[in-house]
Amino acid sequence: MENKEIAQLLAETADLMEVAGEDGFRIRSYRNAAAVIVSYPERVADIVCNPERKVTDIAGIGKGLAAVLAEICARGSFERRDEMLARYPASALELLKIQGLGPKSIALLYEHHNVRTVDDLERICREQKLRELPRMGAKLEEKVLRSIEAYRKTAGRFLLTFASRTAAELMAEFRALPEVERVEAAGSLRRGRETVGDLDILVTGAGAGAALSYLVSHPKSQQVLGQGVNKASVLLGLERIQVDVRALAQESFGAALQYFTGSKEHNVALRMQAVKQGLTLNEYGLFTVESNERVAGDDETEVYARLGYKWIPPELRENCGELEAAETDELPRLIEPRDIRGDLHMHTTASDGRASLREMAEAAAALEHEYIAITDHSKALAMANGLDEARVVAFAREVRELNRDGLPLRVFSGIECDVLRDGSMDLSEDALAELDLVIGSVHSHFALEPEAMTERFLRALETPSLTILGHATGRMLLQRESYAFDFDRVARRAAERGVAFEINASPERLDLPSHLVRAARRRGCRFVISTDAHRPSHLNNMRFGVTTARRGWLEASDVMNTLRVADFEAALKERRSGGRVVYDQRVP
Ligand code: DGT
Ligand code: CA
Ligand code: CA
Ligand code: ZN
């Protein structure tokens, strides 16, 4: 059992105990243990099973918890959790995710109205019964209804990182089975959507049927949703992510890959084109209507070619103009991970990062970057120990010196400077001008009126030293929506000012969203793709940013950190001297 799974069992039990109004001490000790275990560097289950080791040696794990952990490792649950689940339905855990409702309110709703699910909760609010309960009111009713709406939009979806990691593990297991030939991911995962509903995996070969049996008896399978000759579906892991696996004949693999990659909208449009040409397209192949003769199927490129299209990269398959572009051979040459030569947003122990400048530089060099920018926070983020003017000036000097004495790659001095409420910068222009590069980011006052938020950005864009707008919409995937502002006005001004938009590759952000990347490109904006790493391992997230860029139709030439170090430095200098970069004329 993985640490994350153990931690989740403890945390969920603590939540249910809180609903039950139990003793706070126990609840805190479970929560504390969950936090310790989830970030513990070794597998806690291995320690529990090893007679030579004592799990109580881990700080925060006492005798009582040691017994609980032994029970979890032996049978996947523990007594306290079973008691709680006998008392409350597992769906009560879902209620805790509705913002505005605490455990006490949930207990009240359960007692008075038998509210067990989010649907129950919605009904009680609509019937205006919530307001009758002690310490609740009409305002809360409205708030809960809004929270339910937000919850439904994200419920049952997973971050792209989690989905791709889970799929990769499972696919490696399938590939290791005898007589399995091809194993490919399809669906939204293949299209690189920032969140994924379920995993769609396709398998061919004589062993494909065995892959289905393997899936339904997988140790992590929580529930089998269905098993047939050609398809099996399970809910996997404690996250209960749905996995659909299909066993296919080699001759229809290309057609199936095309069909199950979607999107649905892209497929509908493609099938209409097929019909116009006297053909039918389904997951088994492309056939003539007249004689039902197969004209394509084993290869995806051929399916597209037979319909008169160039092969379309999965990231573009959203029925947003890609078919028209593929017909006239005007698809973009999308940027690829290997085009990236540097990473321009990362933090160190100088603010809220976990590693030193040198450690980050070494990790980035190991990824074959040619350069990085160190961009710690500015002083407005006091909690993160942000830099003030004096520290910025000293830092710029330090970086100049370090570059002279043997860093593994070129380091640019930078800052992630807060854009304050009124659009002014957190640091003086004199200090900012000492640095090679300045990212302006909004980290506060998210709830401004749209007009005020737009003005805030427009004012920030006037900052002479500003190089990049960081994670411009502020969205946190599955948690927080973008704040409201007039993106188009900001993009137009950014293009005029030569300020680049960041595509923040952090899997929780992927900000800019791809549709805005595309909109900004049409306005002539430039981009950078950066990881916003707070520790060396985060530098590996670059590929998710590249995927987002691809979904926004970007080519390498749209992205500044594809430049060689000398050219990148020249571009920074040009920007500094007030010179405007001249942009290509974009095709709308
Ligand atoms: P997700 O899982 O919600 O993140 O999104 P998808 O795109 O992976 O959707 P999913 O798993 O329901 O289906 C995978 C693909 O299979 C989908 O993109 C297109 C195809 N597909 C599934 N059901 C239908 C359907 O009823 N009509 C059409 N045209 N295509 C479908
Ligand atoms: Ca899917
Ligand atoms: Ca599916
Ligand atoms: Zn930030």
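Below are the figures for this structure:
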quantity	calculated
Relative contact order computed over the range 420-518 (Cα-Cα under 8 Å; 6+ residues apart), in percent	28
Cα shape, the range 464-588, gyration tensor, a/c 1.5 rule	oblate
The chain, Cα convex hull volume normalised per residue, Å³	195
Helical contribution to [θ] at 222 nm, DSSP H n ≥ 4, -39,500 (n - 2.57), averaged over the chain, rounded to 500	-12500 deg cm²/dmol
Selection of trypsin sites (Lys or Arg not before Pro), the range 544-579, meeting DSSP coil and at most 13 other Cβ within 10 Å	ARG564
Debye intensity ratio in log₁₀ form over the Cα atoms of the range 212-361, taken at each q of 0.11 Å⁻¹	-0.66
Full-stretch length increase - ASP567, VAL229 - with 0.36 nm per residue and alpha-carbon distance subtracted	116.0 nm
Estimated FRET transfer efficiency (GLU132, LYS104; beta-carbon r; R0 25 Å; 0.05)	0.95
Semi-axis lengths, Å, the range 1-107, gyration tensor of Cα atoms, sqrt of 5 times eigenvalues	26, 13, 12
Derived scalar couplings ³J(HN,Hα) [the range 499-512; Karplus, 6.51 cos²θ - 1.76 cosθ + 1.60; whole Hz; x for Gly, Pro]	8, 8, 8, 7, 9, 7, 8, 4, x, 7, 10, 6, 10, 5
Student exercise, the range 427-480 dipole from Lys, Arg, Asp, Glu Cβ charges, in Debye to nearest 20	400
Net lengthening on full extension, ARG182/LYS54 (0.36 nm per residue, minus Cα-Cα)	41.6 nm
Full-stretch length increase - SER213, ARG294 - with 0.36 nm per residue and alpha-carbon distance subtracted	26.1 nm
Global form of the range 159-284, assessed from the alpha-carbon gyration tensor, a/c cut-off 1.5	oblate
Residue (of LEU140, LEU121, ALA185) at the positive-pole extreme of the range 107-186, dipole from beta-carbon charges	LEU140
Low-density loop positions, GluC sites (Glu not before Pro), the range 175-272 - DSSP coil, at most 14 other Cβ in 10 Å	GLU179, GLU181
Order of LYS63, LYS4 - criterion: other Cβ atoms within 10 Å of each residue's Cβ, fewest first	LYS63, LYS4
Over the range 384-458: Kirkwood hydrodynamic radius from C-alpha pairwise inverse distances, Å	13.8
Fraction of beta bridges assigned by DSSP in the range 99-253 that are antiparallel (%, nearest 5)	70
Cβ-Cβ FRET estimate between ARG123 and ALA35, R0 fixed at 25 Å, reported to 0.05	0.10
For ASP343, ASP244, ASP57, order by how many other beta-carbon atoms lie within 10 Å, fewest first	ASP57, ASP244, ASP343
Cα-based shape type of the range 304-454, given that a ≥ b ≥ c are square roots of the gyration tensor eigenvalues and the cut on a/c is 1.5	oblate
The range 449-549 - share of DSSP beta bridges that are antiparallel (%, nearest 5)	25
Over 28 Å (Cα to Cα) - which of LYS54/LYS104; LYS54/LYS220; LYS264/LYS310; LYS97/LYS231 fall in this group	LYS54/LYS104; LYS97/LYS231
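Read-outs: derived from the displayed coordinates by stated rules, not from any lab. Quantities reported herein were computed from a predicted structural model and do not represent experimental measurements. Counting neighbours? That spans all protein chains shown, and the Cβs are built from the backbone with ideal geometry, glycine included.
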